[in-house]
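The values are calculated or read from the model by the stated rules, or taken from the named source; none is laboratory data. Because the structure is predicted, anything quoted here is derived from the model rather than measured. Note that we place each Cβ from the backbone using ideal geometry, even for glycine, and neighbour counts take in every protein chain shown. Accessible surface areas use protein heavy atoms only, side chains included; no ligands, DNA or RNA. Shrake-Rupley method; radii C 1.70, N 1.55, O 1.52, S 1.80 Å.
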Amino acid sequence: MKTKKHGPLHLLEGLWHEFGDICELRVGSRRMVLMAHPEHVRLVNLEHMDKYTKGPSYEPARKYWLGDGLVTSVGADWKNQRQMLAPFFTPKAVAQDHSPVFTEDVTWFTERWSGVSRGDDAVDMPSEMATLAASILLKSLFSTTAREVIVELGGSVETMVRYTQGRLSDRLKLPEWMPSRGRDEYNAARRRVDDFILGLIAERRAMPADARPADLLTRMISSEESLTEANRTPRRLRDQCVTMFIAGYETTAKTMSFVWYLLAKHPEIAEALHAEVDGLPPGMSPKELEAAAPFSLAVIKESLRLYPPAAMYVRDVAEPDCIDGYEIPEGALVMLSPYLTHRHPDFWKDPMRFDPGRWSENAERGMHPYAFHPFAAGPRVCIGKNFAYLESQTILVALAQQYAPVLPPGYEPKLRMHGVLGPENGMPMFVKRRRK
């Protein structure tokens, strides 16, 4: 797999190859400990999880994006939020509540690609998949169907993310009171997002319960009505909504982009996928696909193995720990990297090879349970995991039945971490129709 790498991802991979599964680097006075072994993943996320938290390292995300939503909250606050939201994301709940949205939007996008496939121009696949993923999430969250609203909110969130990433990487760290174009764009984008969500929350709360749309916002409002007044503020709901949107739409967009890239690079795998999806009876629900199209799900998992959107995640060390004889002091930062763990030669045979066959029932049963953690692991595993799998499989099956995206000659992605793993140089692809 001849993907080009630079930036933090390249640095971490080099450290891993040189120093092994646990090593340390320093940035200023901060000690950072990189871990790549599945057992390290298990210890940090499960057995020793009380010693690790989402502390100072998550302050920029709290301040600029997410507030105190599920991803950034800690302690009892996180447990309460998780308990409230968990029933909405079980496999049964996702299939029952969101399948109609998946089906509707994928049908719309299939028709959209019909026009694209008649042209001679390449599309940017991450942008294409972002358009679809944003539409699905905004409908699931808010019952938002207006395309102009979907485009505006998606663009505003991307502006917020881009500004925050720029602040994190800016060595000068100019004071925030200093006027700048980027700051003005961020402020305008955040106002648009907040005004939309807070206005919608106020409208929903003013509606009779039986008149509210059956979406995630309504379910969250209904759950919060049993809480004390202090715990059901509009700001908390706003934080949850922004968290779900940011955590969900860009990760799915990048996942599906790499799925199409890998299928285009491996025509024999694409042929096997087409054989499976072409044999499916018409009108299958997303839930039925899980059993009827196991190879499509294997393709998605194998893409997540090679190109996990959350290629790295961090934990702040709240108490001293010792792992594999390595002393980890309080105040250090632990970095766990699915990107590295998923390439570990002790747990993956020929790890750089794209092989969906790894995900057959028998093969998966023999895996180390923490060798694959694209959604993190332990109690803080991504609550949207079931949503992401069913959404991605629905997209892949429906689009692969009619289309086969093709790469321009010589293209290879230049990998870069910008919040999530993606191609720095875009991903141009030609959408070719397989059948009418």
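Overview of results
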{"read-out": "Per residue accessible area of the stretch 4-89, 1.4 Å probe, in Å²", "value": "48"}
{"read-out": "Stokes-Einstein D (µm²/s) once Rh is taken as the Kirkwood radius of the stretch 293-436 over alpha-carbon pairs, at 10 °C in 1.306 mPa s", "value": "90"}
{"read-out": "Rounded accessible area of Phe142 (nearest 10 Å², 1.4 Å probe)", "value": "10"}
{"read-out": "Percent accessible area from carbon and sulfur atoms, the chain, protein chains only, probe 1.4 Å", "value": "55"}
{"read-out": "Under the span-like rule (Cα at least 24 Å along the axis, Kyte-Doolittle mean at least 0.0), DSSP H helices of the chain", "value": "125-142, 234-265"}
{"read-out": "Counted charge near Ser57, where neighbours are those whose Cβ lies closer than 11 Å (Asp, Glu -1; Lys, Arg +1)", "value": "+2"}
{"read-out": "In Hz, Karplus ³J(HN,Hα) per residue of the stretch 30-41 (6.51, -1.76, 1.60; θ = phi - 60°; x = Gly, Pro)", "value": "8, 8, 10, 10, 8, 10, 10, 7, x, 5, 5, 4"}
{"read-out": "Spin-label model distance (nm) - Ala291 vs Leu25, 7 Å beyond Cα toward Cβ", "value": "4.8"}
{"read-out": "Three-way shape call for the stretch 121-165 based on the alpha-carbon gyration tensor, with the a/c threshold at 1.5", "value": "oblate"}
{"read-out": "Over the stretch 321-436, relative contact order from alpha-carbon pairs under 8 Å, at least 6 apart, %", "value": "16"}
{"read-out": "Only Lys, Arg (+1) and Asp, Glu (-1) charged, at Cβ; the chain dipole about Cα centre in debye", "value": "660"}
{"read-out": "Label zone at Glu104 (point 7 Å along Cα-to-Cβ), backbone N below 17 Å, the stretch 122-142", "value": "132-142"}
{"read-out": "Set Lys92/Lys287; Lys265/Lys414; Lys385/Lys414; Lys301/Lys414; Lys51/Lys79; Lys51/Lys385 screened for pairs whose C-alpha atoms are more than 19 Å apart", "value": "Lys385/Lys414; Lys301/Lys414; Lys51/Lys385"}
{"read-out": "Given (i) 2.19; (ii) 1.25; (iii) 0.98, the label whose value is Cα Rg over 2.2 N^0.38 Å derived from this model", "value": "(iii)"}
{"read-out": "Estimated inter-spin distance, Leu280 and Met49, nm [label 7 Å along Cα→Cβ]", "value": "3.2"}
{"read-out": "Tensor-based shape of the stretch 31-113 (alpha-carbon gyration tensor, a/c under 1.5 rounded, otherwise prolate or oblate)", "value": "prolate"}
{"read-out": "Met207 accessible area, assembled protein chains, probe 1.4 Å, Å²", "value": "60"}
{"read-out": "List Asp278, Asp121, ordered by accessible area with a 1.4 Å probe, largest first", "value": "Asp121, Asp278"}
{"read-out": "Label-point gap, in nm, between Glu319 and Asn80 - each point 7 angstrom along Cα→Cβ", "value": "2.3"}
{"read-out": "Within the chain, helix-based [θ] at 222 nm, where runs of 4 or more DSSP H residues each add -39,500 (n - 2.57), nearest 500", "value": "-16500 deg cm²/dmol"}
{"read-out": "Mean separation of Cα contacts under 8 Å, 6 or more apart, over the residue count of the chain: relative contact order %", "value": "29"}
